[in-house]
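Okay, structure first, notes after.
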Amino acid sequence: MNAPNPSHSLIRKWLHQRLNTSEEEAMKTLLNENDQFTEETANEVVKEYGRIELKNRLNKIHVETINEPDERSDSGWNLGYWAIAATIIVAVPLGYWFFYTAPTPEKLFAQNFQPYQVVNTFRGEEQPIDKGMDLYASGRYAEAIKAMENALANDAYNLPQYYFYLGISCLANNNPDKAINYLQKTLSTDNDFMQQANWYIALAYLKKNDKLQAQKVLQEISTTQGAFKQQEAIAILKCL
């Protein structure tokens, strides 16, 4: 007699929502790292939900077919009936599979990244740094990076808030490493942008697919009462 397959048992418990905490973590890990397990899970989803949904839908279509006779082939089978059945067989497992697949760090970044609004902290008369901030506000991030880096070369504009916006510009411009470097400079002195900088550093690590570092920063945010984006950090941690 063949020994029971532990992977199959785990999948069956998952399908019926009977996993404990440790089993949930094991399930997440296997889905993200084991292609064979992922394929086996997909097959079980097809069997479980496809069978239930297909049975219900075919019964419904059968009743409709009796009440409203449709055009039939020479063999007597309702062609529309089987076309719909085939659609259900394909659509049901895909729908459930996408629902249960854990989002990747890249997807979590895309779902949560939004450039921070410009806060008016500038001097009365126009300064070189203002050009970069104007470009940032209009979403022209590559140009904003160049303008702000040129201005920050002058020590007169070496302020945390400018490094903060420069870091976000780099993140929006698909350069998370550079973004982290500038955002960490925001944290070098006490200022009003420190919590926000932490959030964007976490997003930058997600963009880099560095789950470990992202989790560390998100954990800090999630355990700081009233922190900027605290609830969002908690939600992301549940997905990692």
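Every read-out reported here was derived from the displayed coordinates using simple, explicitly stated rules and does not represent laboratory data. Small disclaimer: the values here were computed from a predicted structure and weren't measured. A quick note on method: Cβ atoms are made from the backbone with ideal geometry, for glycine too, and the neighbour counts reach across all protein chains shown.
Place +1 on the Cβ of every Lys and Arg and -1 on the Cβ of every Asp and Glu in the range 171-239, take the dipole about the Cα centre, and give the residue among Q213, Y182, Q225 whose Cα lies farthest towards its positive end. Farthest along the dipole direction, towards plus: Q213.
Report the equivalent ellipsoid semi-axes for the range 110-239 in whole Å, largest first, defined as the square roots of five times the eigenvalues of the gyration tensor built from alpha carbon atoms.
Rounded to whole Å, the semi-axes are 26, 15, 12.
A Cβ-based charge dipole, computed about the Cα centre of the range 110-239 with Lys and Arg at +1 and Asp and Glu at -1, lands at about 560 debye.
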